[in-house]
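Enquirer: Attaching a single structure in structure tokens format; questions to follow.
The values are calculated or read from the model by the stated rules, or taken from the named source; none is laboratory data. Bear in mind the structure is a predicted one, so any value in this text is a computation, not a measurement. Positions of Cβ are generated from backbone atoms using ideal geometry, with glycine treated the same way; all protein chains shown enter the neighbour counts.
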Amino acid sequence: MKGETWKTAITKVEPNKLLLRGYRIDELMGCITFAQGVFLAIKGELPNEAEAKMLDAILVSSVDHGVTPPSCHAARTVASTGSPLNAALAGGILAISRYHGGAIEDSMRVLQEALRRKNDMNNTPEEMASIIVKEYREKHKRLPGFGHRIHTRDPRTIKMFQIASDLGIAGEFVVIAKALEGAVEKSSGKRLPINVDGAIAALLCEMDFPPELANAFFIMARIPGLVAHVYEEQTRMKPMRHINSKDHEYDGIPERDL
């Protein structure tokens, strides 16, 4: 007895033909970037020029952050045991969760709630930001998307917001994110700037992506860096070594101009 047919609206596969959201993949090849392909697969439509450039910048921003993040440490540790590339990558990806990469989703939800409440209460962004920061402090909760263990001014955030402004993408979510940054500093007396997670969150909100997919963008961005680290571990290091992520030094190419 034939089973009940179920539906998918993503890709149609026929002999000698592949359609992604209605477009022939062979016709997309050479005509769109990978970032545009990501947008098409998820959203169902090709991005406009500004959205394509913004998503590309987001993916580049998180391509790697050295050997200390948990995802890299996990991937290199698994690779050190002799596991193949896919297993080491899986280990790294599985380390991307609530406290590593997950701040993007949490930050998106905070920004969406802040904008909704601002509109409902007819407040200014600054007034709404002060209310939210006060609520978080009273609950002894950390506001996601602010502060960084290394950077006091995350250069990726500065660049992404500049690109967003130039492209006309920066809107109400970027405004409320900056208002929250100011409210945090005013409330605590400490400067906790918007980090890369908070910046990505604001820009994904501007492009109307759902928070549930936030981690996906971080994972897609980080995979190339993890591949590089896994391959280096497999080809340069001794197997089964004790990896102290803080006990390392960089011996790659010195800083160079683009």
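Enquirer: Failed condition for Thr8, given (1) in contact (Cβ under 8 Å) with a residue 12 or more places away in the chain; (2) of a type outside the set (Asp, Glu); (3) on the phi < 0 side of the Ramachandran plot, with all others met?
Expert: Going through the list (1) in contact (Cβ under 8 Å) with a residue 12 or more places away in the chain; (2) of a type outside the set (Asp, Glu); (3) on the phi < 0 side of the Ramachandran plot, Thr8 breaks only (1).
Enquirer: I'm trying to understand the selection: among the residues of region 136-183, which are assigned to a loop (DSSP other than H, G, I, E, B), among the β-branched types (Val, Ile, Thr) and closer than 23 Å to Pro211 by Cβ?
Expert: Answer for region 136-183, where residues must be assigned to a loop (DSSP other than H, G, I, E, B), among the β-branched types (Val, Ile, Thr) and closer than 23 Å to Pro211 by Cβ: just Ile169.
Enquirer: Quick check on Val60: is it in the same structural domain as Gly225 (by TED's automatic domain parsing), under 24 Å from the mean Cα position of the chain (by Cα), part of a helix (DSSP H, G or I) and among the β-branched types (Val, Ile, Thr)?
Expert: yes
Enquirer: Okay, next question. Identify, please: which residue in region 222-253 is surrounded by 13 or more Cβ atoms within 10 Å (Cβ to Cβ) and modelled with pLDDT under 95 and is, among those, farthest from Gly101 (Cα to Cα)?
Expert: Ile243
Enquirer: Right, next: Being assigned to a helix (DSSP H, G or I), outside the structural domain of Ser165 (by TED's automatic domain parsing) and within 24 Å of Asp154 (Cβ to Cβ) is true for just one of Ala41, Ala35. Which residue is that?
Expert: After applying the criteria, what remains is Ala35.
Enquirer: Looking only at region 125-158, which residues are over 27 Å from Lys246 (Cα atoms) and surrounded by 13 or more Cβ atoms within 10 Å (Cβ to Cβ)?
Expert: Across region 125-158, the qualifying residues are Pro125, Glu126, Glu127, Met128, Ala129, Ser130, Ile131, Ile132, Val133, Tyr136, Arg137.
Enquirer: Mind listing whichever residues of region 14-23 are outside any loop (DSSP other than H, G, I, E, B) and surrounded by 12 or more Cβ atoms within 10 Å (Cβ to Cβ)?
Expert: Listed by number, the residues that qualify are Leu18, Leu19, Leu20, Tyr23.
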